[in-house]
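Participant: The structure follows.
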Amino acid sequence: MAVLGISTNTRLLGLAIIHEGRLLDYSIRLDKSPWSPAKATRIITSLEPCVRQYSIKKAVLSMPYTYHQTDAFKTVLDAIRTFCKQHHIVFFTETPETIYAMCDQPEKRSKKEVMHTLTDLYPQLSYCFQKELKNKKKYYTKLFEAVAVAMLKE
C-alpha cells in the first residue's frame, strides 16, 4: 500500500509517495499568493492526482510545532482530514520530534541532518539536498518532511 506524505504550510506544499520502501514520487509546490480559503482548496486539489494515480490508502501529515499552527494552517488541516475521510484514506499526523528521531546521529538532530539521512536512503533526493544547502531561504525542507513522514508510516 502506497503512503502519501504531506508537509504543508500556507506557502509550501511538499508531497512524497513511498511504496514498499521505494520513493515513487515527490514534489514541492510554492504558492506565493496571500492566504484565502481558495488556497486551501488548491492544496486539496494537489492531493487528488496522487491519490488517483497511486491508489493511496494511507496519508500522513507532518505537523508543525504548536506555536506555528496558525488559524490558516488549522483550516488546511481540517480540509486534509475531510479529503482523506471522503476518499477512505487512513489519516495520521507526525510531530517534528518523530522526524528528528530518525537522524543517524541523535546528538545532531536538525533539519539538515534529517535531509542528509533521507538522501542516504533515497539518492534521488541528492539534487534537492544540494540545492537546499545553497539556498538562503529554505525551500525544500517541506519536501524532506513529507518524505520522512511517509517513510515512518510505510
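The values are calculated or read from the model by the stated rules, or taken from the named source; none is laboratory data. Please read these numbers as outputs of a predicted model, since none were measured by experiment. Glycine also receives a Cβ, built like all others from the backbone with ideal geometry; neighbour counts cover every protein chain displayed. In case anyone asks, the SASA skips ligands and DNA or RNA and just uses the protein heavy atoms, side chains included. Shrake-Rupley method; radii C 1.70, N 1.55, O 1.52, S 1.80 Å.
Participant: If LEU13 meets every condition in (1) open to solvent by 80 Å² or more (accessible area, probe 1.4 Å); (2) touching a residue at least 12 places away in the same chain (Cβ under 8 Å); (3) of a type outside the set (D, E, K, R) apart from one, which number is that one?
Facilitator: So LEU13 meets the others, but not (1).
Participant: Can you tell me which of (1) modelled with pLDDT of 90 or more; (2) exposed (fewer than 13 other Cβ atoms within 10 Å of the Cβ); (3) of a type in the set (Lys, Arg) is the one LYS137 doesn't meet?
Facilitator: Going through the list (1) modelled with pLDDT of 90 or more; (2) exposed (fewer than 13 other Cβ atoms within 10 Å of the Cβ); (3) of a type in the set (Lys, Arg), LYS137 breaks only (1).
Participant: Hey, THR98 hits all of (1) more than 16 Å from the chain's Cα centre (by Cα); (2) at pLDDT below 95; (3) of a type in the set (S, T, N, Q) but one; which does it fall short on?
Facilitator: (1)
Participant: Something else: Please work out which one of (1) open to solvent by 50 Å² or more (accessible area, probe 1.4 Å); (2) out of contact with any strand residue (DSSP E or B) (no Cβ under 8 Å at 6 or more places or on another chain) is the condition ALA72 fails and give its number.
Facilitator: So the condition that ALA72 fails would be (1).
Participant: Before we move on, is CYS84 more than 24 Å from GLN69 (Cβ to Cβ) and either of a type in the set (A, V, I, L, M) or part of a helix (DSSP H, G or I) (or both)? Break it down stepwise before answering.
Facilitator: Details: more than 24 Å from GLN69 (Cβ to Cβ): no; either of a type in the set (A, V, I, L, M) or part of a helix (DSSP H, G or I) (or both): yes.
So CYS84 fails the test.
Participant: Looking at region 38-69 only, could you name the residues that are closer than 26 Å to PRO96 by Cβ, hydroxyl-bearing (Ser, Thr, Tyr), open to solvent by 40 Å² or more (accessible area, probe 1.4 Å) and in contact (Cβ under 8 Å) with a residue 40 or more places away in the chain?
Facilitator: TYR54
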